[in-house]
Amino acid sequence: MIFSISALVLFGALLALLMRYRAIGAGAAVVALLFGFYLARSDAAPSVDQIMSALRDAIPSSGK
(Lines give C-alpha, C1' and ligand atoms only; values in the text may rest on other atoms or scores of the structure.)
Protein backbone atom coordinates (compact mmCIF):
# COMPACT_ATOMS: atom_id res chain seq x y z
CA MET A 1 0.00 0.00 0.00
CA ILE A 2 2.85 2.38 0.70
CA PHE A 3 4.14 1.89 -2.84
CA SER A 4 0.70 2.60 -4.28
CA ILE A 5 0.43 5.91 -2.47
CA SER A 6 3.99 6.85 -3.44
CA ALA A 7 3.32 5.97 -7.08
CA LEU A 8 0.12 8.01 -6.96
CA VAL A 9 2.02 11.04 -5.66
CA LEU A 10 4.82 10.54 -8.20
CA PHE A 11 2.51 10.23 -11.19
CA GLY A 12 0.34 13.10 -9.94
CA ALA A 13 3.40 15.33 -9.64
CA LEU A 14 4.59 14.27 -13.09
CA LEU A 15 1.20 15.07 -14.58
CA ALA A 16 1.20 18.46 -12.82
CA LEU A 17 4.70 19.24 -14.16
CA LEU A 18 3.70 18.27 -17.67
CA MET A 19 0.74 20.60 -17.45
CA ARG A 20 2.84 23.38 -15.89
CA TYR A 21 5.40 23.33 -18.70
CA ARG A 22 2.69 22.91 -21.30
CA ALA A 23 3.99 19.53 -22.50
CA ILE A 24 0.37 18.40 -22.40
CA GLY A 25 -2.81 20.39 -22.34
CA ALA A 26 -5.67 20.23 -19.88
CA GLY A 27 -7.65 17.94 -22.16
CA ALA A 28 -4.83 15.39 -22.32
CA ALA A 29 -4.44 15.57 -18.54
CA VAL A 30 -8.13 14.81 -18.07
CA VAL A 31 -7.83 11.87 -20.46
CA ALA A 32 -4.80 10.57 -18.51
CA LEU A 33 -6.69 10.91 -15.22
CA LEU A 34 -9.77 9.15 -16.55
CA PHE A 35 -7.66 6.40 -18.11
CA GLY A 36 -5.96 5.75 -14.77
CA PHE A 37 -9.28 5.79 -12.95
CA TYR A 38 -10.94 3.31 -15.28
CA LEU A 39 -7.82 1.14 -15.49
CA ALA A 40 -7.84 0.80 -11.71
CA ARG A 41 -11.43 -0.47 -11.85
CA SER A 42 -10.78 -2.95 -14.66
CA ASP A 43 -9.65 -6.57 -14.64
CA ALA A 44 -6.19 -5.36 -15.66
CA ALA A 45 -5.59 -3.64 -12.30
CA PRO A 46 -4.01 -6.70 -10.58
CA SER A 47 -1.65 -7.21 -13.53
CA VAL A 48 -0.61 -3.55 -13.50
CA ASP A 49 -0.06 -3.81 -9.73
CA GLN A 50 2.12 -6.90 -10.19
CA ILE A 51 4.19 -5.19 -12.90
CA MET A 52 4.71 -2.11 -10.73
CA SER A 53 5.70 -4.30 -7.76
CA ALA A 54 8.19 -6.20 -9.93
CA LEU A 55 9.68 -2.93 -11.15
CA ARG A 56 9.91 -1.66 -7.58
CA ASP A 57 11.69 -4.85 -6.51
CA ALA A 58 14.05 -4.67 -9.51
CA ILE A 59 15.29 -1.20 -8.54
CA PRO A 60 18.08 -1.52 -5.97
CA SER A 61 17.50 0.60 -2.91
CA SER A 62 20.21 2.28 -0.87
CA GLY A 63 18.62 1.01 2.38
CA LYS A 64 19.48 -2.66 1.79
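The values are calculated or read from the model by the stated rules, or taken from the named source; none is laboratory data. Only a predicted model underlies this, so the values are computations on that prediction, with no experimental measurement involved. Here Cβ is always computed from backbone atoms with ideal geometry, including for glycine, and neighbour counts include all displayed protein chains. To get the accessible areas, we keep the full protein, side chains included, count just its heavy atoms, and leave off ligands, DNA and RNA. Shrake-Rupley method; radii C 1.70, N 1.55, O 1.52, S 1.80 Å.
With N as its number of residues, the chain has a Cα radius of gyration that, divided by 2.2 N^0.38 Å, comes to 1.30. Carbon-plus-sulfur accessible fraction, the chain (probe radius 1.4 Å, protein heavy atoms only): 71%. Could you give the size of the charge dipole of the chain about its Cα centre, using +1 on the Cβ of each K and R and -1 on the Cβ of each D and E, expressed in debye and rounded to the nearest 20? Roughly 260 debye for the chain.
Coupling constants for the stretch 6-22 follow from the phi torsions by the Karplus curve (6.51 cos²θ - 1.76 cosθ + 1.60, θ = phi - 60°), and in residue order they are 5, 5, 4, 5, 4, 5, x, 5, 4, 4, 5, 5, 4, 6, 4, 8, 6 Hz; glycine and proline get x. The trypsin sites (Lys or Arg not before Pro) of the stretch 1-55 that DSSP puts in a loop, and whose beta carbon has at most 12 other beta carbons within 10 Å, are R22, R41.
With all protein chains kept in place, the per residue accessible area of the chain amounts to 86 square angstrom at a probe of 1.4 angstrom.
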